[in-house]
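> What follows is a single structure, and I will ask about it in a moment.
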């Protein structure tokens, strides 16, 4: 065998005269970093350069703000030096000040002591009097609401305004507008709101004939105090507010569901002219016959329910059916009864369910009904707050099917399990007919009008249906036992929510229907404790307005229960909107009718003033707002709900009117949309 071939290798290192051995010097490190940089891919190098450029740009951008902060710190440091010198009793000479020498001053010489040379030099200098630090003028914070232009006018309740009006300082543009009879405008985040709202009513006859001469030149006319406004002028102010809202609806949303006053357009829900129908009986009650005739013509010629559209059973019942029935009773016009029969019959398919608990949505063109797309449940308030309207439709048409359908719902709820001391859950299943989502009990959304309609059905039926009364009385006792609490520090009574045995100190604005309902029951022979509770809750609902910077209530309020709280009412950012709701003025109306306490009228008048100041749009209409805590920028939401004309302004008018025979509470019962329906005559 042959031995394996061996191969030898020789390592040879070549060096030139300029080469050097590797060291850890800076030059070698720079060359090493450069080699690493070159080893990176082009994308990596581009990304690193981009990040460096971005950091450089951010530094350039933030440099001015940083320098301002540094300057601010140096300014504060200098102020601290001022304060330190004040404590010592000496102050440096401010820059630019000319020192004055006191010629009479002779420096005192310390006898028999060796004085250092530095002290001698210091004493040989002329004594300079210390100038006081200039006082910093601070403007007092104005106790006013609204944007700056409105604040110049002040509030009628401000002492400064009462004692003396400041001279009016207006620019030439505003003066020219006033000469032309136009009101100056102010813009809030792109929305033009009237700077001078129609809060102050037209002058009364006494004011027109009064001897008060014109105000002095250069002085603003004083604002009228609330007590100086006559009841007639207040009532006329409500009419003017309605005309202004109707102007916007007529011009920009005629025949449509809702007005969008900011964008001068409209919104559709059902496409059935909700605002117009909701406002029919309001116009009749306010005596606005011209506007009423315009609306009647539209109902006669344009209103048709033969449409392939899904409508909500509850909303279409209380707004459309209720509005048409109410207008028929007030006017005697058969047109409105015929329209009521039409819509009533088209809503009946909702009751064709296994449990007789109606579906929430009905297609009034196809005659079909369905639950919401996300659930098979209906809300308890919706299925139990349509009874007044359908019962009245049966009475007028002699057709028992309408009343039979809604009475069956009440009968099933009456015996249903799942109540808690008369309080009901918020949801009910249309298949099983049983309560769902048990454990949560509230008088707010999804349950509120169930309690209202228990009492009002009993009143509508001439107080003969005792099962309804029993359910109502048991529910009120359940409220007193489980939901009532008092706030800190003012001990305001409020109605909270019970969630699985735990009280949540939260109260919807919707709950403010309760004081009026309690007062209505007490007036009809129910326990006097109900009226006492109504008065306490009315104060709380008033404070939900009074403690807000705009004078308008939030949609939801939270109440403090801690003993050392500073405020009774707290509002979370998501709950600060106001939708022009009527519940508080509704209860004010009932409380005034039964007590004749003028403070309830004053509170309603203040609410109207706040609506005019923060929600009125100059081109017509009123808008809901997003933030009742911000009077400078309340955030218009560009929507005027139909219930503002159907309920809010109607209740304000009835509250401020001296004519108590106008919609007597002994002859009419209001549905939950403020449409009055007659109380049936008793069998006797």
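Computed from the coordinates by the stated procedures, all read-outs in this text should not be read as laboratory data. These figures come from a predicted structure and were not determined experimentally. Note that each Cβ is placed from the backbone with ideal geometry, even for glycine, and that neighbours are counted across all protein chains shown.
> Once you sort the root eigenvalues of the Cα gyration tensor of region 434-502 as a ≥ b ≥ c, which label holds: rounded (a/c under 1.5), prolate (a/b larger than b/c) or oblate (the other case)?
oblate
> In whole angstrom, note down how far apart the Cα centers of region 396-466 and region 353-389 are.
13
> Based only on other Cβ atoms within 10 Å, what is the fewest-to-most ordering of 619, 379?
Fewest-to-most ranking of 619, 379: 619, 379.
> For the modelled label position 7 Å from the Cα of residue 437 along Cα-to-Cβ, which residues of region 507-525 have backbone nitrogen atoms closer than 18 Å?
Only 507-511 pass the distance filter.
> Quick check: Cα centre of region 567-644 to Cα centre of region 285-335, how many Å?
26
> Now for a separate question. I need 512, 58 ordered by Cβ neighbour count within 10 Å, fewest first.
If I rank by nearby Cβ atoms, fewest first, I get 58, 512.
> Now for a different question. Kindly identify region 591-633 as rounded, prolate or oblate by the Cα gyration tensor criterion: order the square roots of the eigenvalues as a ≥ b ≥ c, call it rounded if a/c is under 1.5, otherwise compare a/b with b/c, prolate if a/b is larger, else oblate.
Prolate.
> Mind sorting 536, 389 by how few other Cβ atoms lie within 10 Å of their own Cβ, fewest first?
Least to most surrounded, the residues fall as 536, 389.
> Additional query: State the extension gain, in nm to one decimal, for the chain segment bounded by residue 524 and residue 42, taking 0.36 nm per residue of separation less the distance between their alpha-carbons.
164.7 nm
> List the relative contact order of region 246-678 as a percent without decimals, with contacts defined as Cα pairs under 8 Å and 6+ residues apart.
Relative contact order here is 16 percent.
> Work out how much length residue 331 to residue 597 would gain on full extension: take 0.36 nm times their residue separation and subtract the Cα-Cα distance, in nm to one decimal.
92.6 nm
> Here is a follow-up. Once the piece of chain linking residue 532 and residue 265 is laid out straight, how much longer is it, given 0.36 nm per residue of separation minus the C-alpha distance between them?
Extending this stretch completely gives an extra 91.6 nm.
> What is the ratio of the Cα radius of gyration of region 246-678 to 2.2 N^0.38 Å, where N is its residue count, to two decimals?
0.94
> Let me ask something additional. How high is the relative contact order of region 479-550, in percent, counting Cα pairs under 8 Å that sit 6 or more residues apart?
After rounding, I find 24 percent.
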